[in-house]
Amino acid sequence: MTAPTLRISDLRLGFRRWAGTVEVLHGISMHIRKGERVALVGESGSGKSVTARIVLGLLQQVRSARISGLVEFEGQNLDTLSARDRARLRGTAMSMIFQDPTSSLNPVYTIGVQFHEVLRRRDPRLKMAEARQRAARALADVAIPNPDRVLDSYSFQLSGGMNQRVMIAMALANEPSLLLADEPGTALDVTVQAQTLRLMRDLVEEHDTSVLFISHNLGVVREFADRVYVIYKGRIVEHGPADSLFEDPRHPYTQALMRAVPRLTGGGIPDIEDVSEAYFAPLVVHEGCGEPEGAA
């Protein structure tokens, strides 16, 4: 059986403090097959973003971080790679779209200069003129009508929605095998967010890119993801195909998340009820969502 694009097994994370180690992740396991869109959902502080940063190799650079477990990318144990080889994967074989596009883009340089740097990660000898042509095509793919104007602009001269599309274009420009999307579009209004995510979905389908989609927006997840993992206090508590999980949420925490989704029916927005029992409830795995051969 072909190895999944990403396999995480028994991943644990803690941060050393003067009073001891604070545990953040408690042995999470998940996998993403080639071309599959997988969502990791949970409230703020549940461990979603740190998981993505471990996959990228960013938290390994934090001296206080204590990380254990297995992270495999296309069958390769990432812990066996040197820091330099792992850095070469970022922006080439795997890319990330961060939550706030404005803070992710450097306001000192034009979009064109930054796009050149992104493309040079795969082709260090790439000339500026050729990079500009490729960047213009990539911006056109995300429905930016005047790519040349955007390439000559600075990020602060563009709207939030335009910056987010630029980030998506940059992330996919080198045709990565894995795209990590951390709350993309959260800072945008709902109309622009829907358009942006639709463009991203079409592009990853076109390139057969695997996606780890991190979000707390269950409405967006239901439309975007093939499968869903629900994380609560650093533990995966439920996972399964998106349709099955949304139609029949079985874990108390998943059910609480569903109840907390705002509805346009009046009466205000419901609060998440006390779900302390969810911490001790068993993992729920929906039918047809087993780990691939060889997974823990």
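Counting every other Cβ atom within 10 Å of each residue's Cβ, Phe98, Phe73 order from fewest to most as Phe98, Phe73.
Sites listed here are trypsin sites (Lys or Arg not before Pro) in the range 112-144 whose DSSP assignment is loop and whose Cβ has at most 16 other Cβ atoms within 10 Å: Arg122, Arg125, Lys127. The relative contact order of the chain comes to 24 percent, based on Cα pairs under 8 Å that sit 6 or more residues apart. Compare the Cα positions of Thr5, Leu25, Val166 along the charge dipole of the chain (+1 at Cβ of Lys, Arg; -1 at Cβ of Asp, Glu; about the Cα centre) and return the one farthest towards the positive end. Value computed over the given set: Val166. Evaluating 6.51 cos²θ - 1.76 cosθ + 1.60 at θ = phi - 60° for every residue in the range 157-172, the Karplus couplings come out as 8, 10, 6, x, x, 5, 4, 5, 5, 4, 5, 5, 4, 5, 5, 9 Hz, glycine and proline recorded as x. Sorting Ile111, Ile214, Ile144 from the fewest to the most surrounding beta carbons within 10 angstrom yields Ile144, Ile214, Ile111. Scan [x] 18.0, 53; [y] 22.9, 77; [z] 19.6, 60 for the value of Rg and Dmax of the Cα atoms in Å calculated from this model and give just the label. Recomputing Rg and Dmax of the Cα atoms in Å here gives the entry labelled [z].
Listed by chain and number, the lysines placed with their C-alpha closer than 29 angstrom to that of Lys233 are Lys34, Lys48; residues fewer than eight positions away on the same chain are left out. Annotation for the range 1-27 versus the range 48-79: alpha-carbon center distance of 8 Å.
Whole-Hz Karplus values for the range 134-150 come out as 5, 5, 4, 5, 5, 5, 5, 5, 9, 6, 8, x, 10, x, 5, 5, 5 Hz, taken residue by residue from phi with 6.51 cos²θ - 1.76 cosθ + 1.60 and θ = phi - 60°; glycine and proline positions read x.
We did not get these values from a lab; they are worked out from the coordinates using the rules stated. Note that the structure is predicted; figures quoted are calculated from it, not measured. Cβ sites come from the backbone with ideal geometry, for glycine too, and all protein chains shown count toward neighbours.
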